[in-house]
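Worksheet: the structure to be examined is printed underneath.
The values are calculated or read from the model by the stated rules, or taken from the named source; none is laboratory data. In this text the structure is predicted, and so the values were computed from the model without any measurement. Cβ sites come from the backbone with ideal geometry, for glycine too, and all protein chains shown count toward neighbours.
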Amino acid sequence: MALPQRTISQDQVPSASGSPTVGRSVGSGAGGAGRTVQPVAASGAAAARWALLAKLIRPHGRKGELIAEILTDFPERFHQRSRLFLIPPPRLGTRPREIHLENFWFLRSRVVLKFAGIDSINDAEAVRSFHVAIPASERAPLEAGSAYIADLIGCQVVDLDHGGLEVGEIVDVDRGSSSTDLLVVRRRGIRGPEAEALIPLVKGYLVRIDLAGRRVEMRFPQGLLEINAPITEEEKRQMSDNG
């Protein structure tokens with residue numbers, strides 16, 4: 001499993017403003033632009049073998065250069081990473097290949113990459129849509145209080161205001177649907193569209209990220225988690241009677 005090398009810092013989590021609510025997940029096909037909703041890792045950090053740094057978009061120039069979307073919070077570290085891996089799209093069914101980074105430069109919000117052995121437009125076209133990655137074990141060390149998003153996948157969200165109630169498992173982090181990072185949580189014991197909820201990652205709720213214990217401890221305002229509770233049979237009857 002491969003996930004972007006994105007991070008979250010507890011010190012930089014925004015304060016709650018207004019009355020943010022839990023929202024329903026819109027499913028695997030939603031979320032807008034490319035990296036809003038990433039593939040789900042089944043068992044958290046252990047499943048993330050690769051950390052994605054960029055996605056190759058198209059050839060740029062005539063000597064094999066490629067323009068790429070940046071998928072890491074540390075793009076400046078391309079200076080330190082001459083040994084990279086190209087991960088093909090799943091439809092190709094081929095293995096990742098090791099490759100040497102000869103040069104790179106930034107172009108607005110993207111990066112242009114030049115690899116050894118890719119020296120023509122045709123060479124570059126052959127790796128269009130590939131991901132540029134490093135082994136997850138080679139990720140940059142983080143400061144205390146920070147965590148890689150990939151490491152949050154599989155953690156349990158625990159509500160300390162309800163006796164340590166396990167709300168559900170983090171299956172993704174949505175960074176594109178709003179100005180606040182949203183934990184996509186698969187709720188325990190619930191099926192159907194209501195099974196996933198979007199929980200704002202704000203200081204007013206977050207208490208502690210415990211990666212060793214695979215827990216994200218939070219405190220929620222009363223009634224917040226009930227907003228997305230499934231409709232009861234009694235509520236369905238009342239809706240039917242009123243309709």
Boolean, PHE115 is under 25 Å from the mean Cα position of the chain (by Cα) and aromatic (Phe, Trp, Tyr) = no
Is the range 123-131 home to any residue that is more than 30 Å from VAL167 (Cα to Cα) and out of contact with any strand residue (DSSP E or B) (no Cβ under 8 Å at 6 or more places or on another chain)?
-> yes
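Quick grid of which residues meet (1) surrounded by fewer than 21 Cβ atoms within 10 Å (Cβ to Cβ); (2) assigned by TED's automatic domain parsing to the domain that holds LEU211; (3) touching a residue at least 24 places away in the same chain (Cβ under 8 Å):
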site: LEU160; (1), (2), (3): yes, yes, yes
site: GLY164; (1), (2), (3): yes, yes, no
site: VAL167; (1), (2), (3): no, yes, yes
site: ARG175; (1), (2), (3): yes, yes, yes
site: LEU182; (1), (2), (3): no, yes, yes
Among residues belonging to the range 59-74 that are among the β-branched types (Val, Ile, Thr) and free of Cβ contacts under 8 Å to residues at least 60 places away in the same chain, point out the one that is nearest to HIS131 (Cα to Cα).
-> ILE70
So which residues in the range 197-213 are of a type in the set (D, E, K, R) and out of contact with any helix residue (DSSP H, G or I) (no Cβ under 9 Å at 6 or more places or on another chain), if there are any at all?
-> ASP210
Any residue at all in the range 102-118 that is surrounded by 15 or more Cβ atoms within 10 Å (Cβ to Cβ), in contact with a Lys or Arg (Cβ under 7 Å, 6 or more places away or on another chain) and in contact (Cβ under 8 Å) with a residue 40 or more places away in the chain?
-> no
Count - residues of the range 180-216 that are within 15 Å of the chain's Cα centre (by Cα) and in a loop (DSSP other than H, G, I, E, B) | 3
If we keep just the residues of the range 185-198 that are small (Gly, Ala, Ser) and more than 11 Å from VAL157 (Cβ to Cβ), which is modelled with the lowest pLDDT?
-> GLY192
Find the residue count for the range 169-192, including only residues that are farther than 26 Å from LEU142 by Cα and touching a strand residue (DSSP E or B) at 6+ places or on another chain (Cβ under 6 Å).
-> 3
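Let's see how each residue does on (1) modelled with pLDDT of 85 or more; (2) of a type in the set (A, V, I, L, M):
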residue: PRO135; (1), (2): yes, no
residue: ALA144; (1), (2): no, yes
residue: GLY163; (1), (2): no, no
residue: LEU183; (1), (2): yes, yes
residue: PRO200; (1), (2): yes, no
residue: PRO230; (1), (2): no, no
